[in-house]
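The values are calculated or read from the model by the stated rules, or taken from the named source; none is laboratory data. Everything quoted here is computed from the prediction, not taken from an experiment. Cβ sites come from the backbone with ideal geometry, for glycine too, and all protein chains shown count toward neighbours.
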Amino acid sequence: MATVGQSLTAPETGWKRYDDKDLNVTYVGNGWGAYTESDCWNGTYHSTIGSGSYLAFNFTGTKIRIIGNRYTDRSASIDIFIDGVKVSSFSQVSSSIISMSLDADIQNLTNAEHSVKIVVNEASSLGYYDFDAIDIDETGELKPYTPLPSEYGLLRVTMIDSSEREYRVSTAVIEGFINWYTRTIGTGSSCYSLNDIVDNSKEYLSFEKIISFKVIPLKD
């Protein structure tokens with residue numbers, strides 16, 4: 001039986017693995033890059049140093065495992081949201097290099113389609129988050145990210161010129177924005193990108209130009 005924090009170089013019986021390069025995985029936010037490393041699954045992984053950055057996908061099944069890399073300079077705070085609810089948090093900090101580490105093991109979910117977001121709370125020049133692969137039920141399927149209606153919210157941002165910007169985004173994106181905005185001054189990126197789900201527009205907000213923001217829940 002696999003143990004969280006240890007290396008899991010291949011999926012166990014009853015599981016199957018999807019690579020970080022799978023087209024069903026969406027990467028959002030600043031700092032994401034694709035890299036090659038022979039010790040990773042299929043020789044590749046994605047990494048970010050952007051606070052509030054996240055990856056997202058849907059899958060069918062009852063269980064999921066997140067595979068990454070651990071070392072001294074990795075992020076200490078990553079959250080996992082399933083169907084809009086935070087279900088787990090983990091750290092990739094380790095005193096030694098652990099490739100293909102089992103970062104999270106979530107089981108006993110309803111046998112249905114689920115949406116997943118992995119949000120980086122702490123990332124800087126000394127806090128990378130490495131994502132390598134996903135394990136799910138051997139009878140399950142990885143799918144493109146499609147948030148549930150209940151996962152949406154309205155983010156209203158007031159700028160220094162008193163103008164207001166509104167974004168209809170998922171609750172996980174709002175959570176990522178809040179973590180970015182309330183981070184320690186001088187760490188992370190000075191800008192944050194938001195994709196509005198209504199018209200798929202993207203806008204970059206500068207930290208110095210924001211006065212305040214408001215989160216308004218949206219009903220299904």
Residue that is surrounded by the fewest Cβ atoms within 10 Å (Cβ to Cβ) [pool: residues in the range 1-22 that are in contact (Cβ under 8 Å) with a residue 60 or more places away in the chain and closer than 22 Å to residue 144 by Cα]: 22
Within the range 80-190, strands (runs of 3 or more DSSP E) holding 2 or more residues that are of a type in the set (Asp, Glu): 98-106, 129-137, 164-170
Search result, residues across the range 24-59 that are out of contact with any Gly (no Cβ under 8 Å at 6 or more places or on another chain), buried (at least 21 other Cβ atoms within 10 Å of the Cβ) and among the β-branched types (Val, Ile, Thr): 25, 28
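Any residue at all in the range 27-43 that's of a type in the set (Val, Ile, Thr), at pLDDT below 95 and either more than 14 Å from residue 64 (Cα to Cα) or not assigned by TED's automatic domain parsing to the domain that holds residue 105 (or both)?
Yes, some residue in the range 27-43 is of a type in the set (Val, Ile, Thr), at pLDDT below 95 and either more than 14 Å from residue 64 (Cα to Cα) or not assigned by TED's automatic domain parsing to the domain that holds residue 105 (or both).
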Scan of the range 52-75 for residues that are part of a strand (DSSP E or B) and small (Gly, Ala, Ser), ordered by number: 56, 61, 68
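Just name the residue that is modelled with the lowest pLDDT out of those in the range 151-172 that are charged (D, E, K, R) and closer than 16 Å to residue 203 by Cβ.
168
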Some residue of the range 174-194 being touching a helix residue (DSSP H, G or I) at 6+ places or on another chain (Cβ under 7 Å) and of a type in the set (Val, Ile, Thr): no
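Among the residues of the range 46-55, is there at least one that is more than 23 Å from residue 177 (Cα to Cα) and either in contact with a helix residue (DSSP H, G or I) (Cβ under 8 Å, 6 or more places away or on another chain) or at pLDDT 95 or above (or both)?
no
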Qualifying position, being over 15 Å from the mean Cα position of the chain (by Cα), of a type in the set (A, V, I, L, M) and under 21 Å from residue 184 (Cβ atoms), among 93, 120: 93
